[in-house]
Amino acid sequence: MPTNDRLEQHRHETTTGPGGGSSRQLRARRAKILVADDDAAMRALVAGTLRHDGFDVLDVETGGEAARLLEELAIQTWSTRPVDLVLTDVWMPGLSGLRLAELLRKARWSIPIIFMTAFPERHVRDEASQLEAPLLAKPFALASLRRLVIESLARHRRAAGNRDEGGGGGVSGAP
């Protein structure tokens with residue numbers, strides 16, 4: 001599905017909710033996750049699992065598509081955190097998952113990232129660690145995926161709460 005169609009789907013779901021609920025109710029109970037993986041079967045499995053678990057999932061095939069979609073959503077929502085979590089394959093054609101994460105960090109976007117890879121070599125683990133992003137080695141158990149997603153979201157919410165209490169945050173102070 002092209003990026004514009006995904007953006008339109010996002011607009012519809014955040015306006016009406018998948019079951020017709022209000023956008024306020026939807027945002028209060030569902031985290032939005034962006035899944036990027038060039039392997040269609042893996043992308044469908046991960047996205048389908050997370051949707052089944054009640055998450056609002058957007059999925060794309062490449063790092064470039066992920067970057068464009070994040071930028072479009074950020075403009076639409078006036079936010080440097082247009083999704084709650086990015087779950088990305090490390091090796092994809094064009095913009096890799098590692099490079100996508102670097103761009104998000106350089107832009108000071110506060111979005112937790114989880115990497116997936118079938119090739120968890122030492123340099124990949126080291127780069128993921130430098131980016132403060134966990135690495136999920138393929139193949140993985142769906143229970144491991146679920147646990148890591150929940151832990152990453154919870155850790156980020158705690159960190160965001162601590163920043164807000166310290167007087168940071170808001171539009172001008174938000175990373």
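Label separation (ILE75 vs ALA154): 3.8 nm, computed from points 7 Å beyond Cα along the C-beta direction. Exposure proxy shown here: for PHE115, PHE55, PHE140, the number of other Cβ atoms within 10 Å sets the order, fewest to most, as PHE140, PHE55, PHE115. Here the residues GLU151, GLU61, GLU121, ranked from fewest to most Cβ neighbours within 10 Å of their Cβ, fall in the order GLU121, GLU151, GLU61.
Dipole size of the stretch 31-157 about its Cα centre, with +1 on Lys/Arg Cβ and -1 on Asp/Glu Cβ: approximately 420 debye, rounded to the nearest 20. Out of every Cα-Cα pair in the stretch 31-157, what percent are more than 26 Å apart? The answer is 10 percent, as a whole percent. Amide hydrogen proximity for LEU136: with H placed 1.01 Å from N in the peptide plane, the residues at 5 or more positions away or on another chain lying under 5 Å are PHE115, MET116, THR117. In terms of the mean number of neighbouring beta-carbon atoms within 10 Å, the peptides 127-139, 91-103 order highest first as 91-103, 127-139.
Throughout, read-outs are computed from the coordinates displayed, never taken from laboratory work. Here the structure is a predicted model, which means the values were calculated and not measured. With ideal geometry, Cβ positions are generated from the backbone for all residues, glycine too; neighbour counts draw on all protein chains shown.
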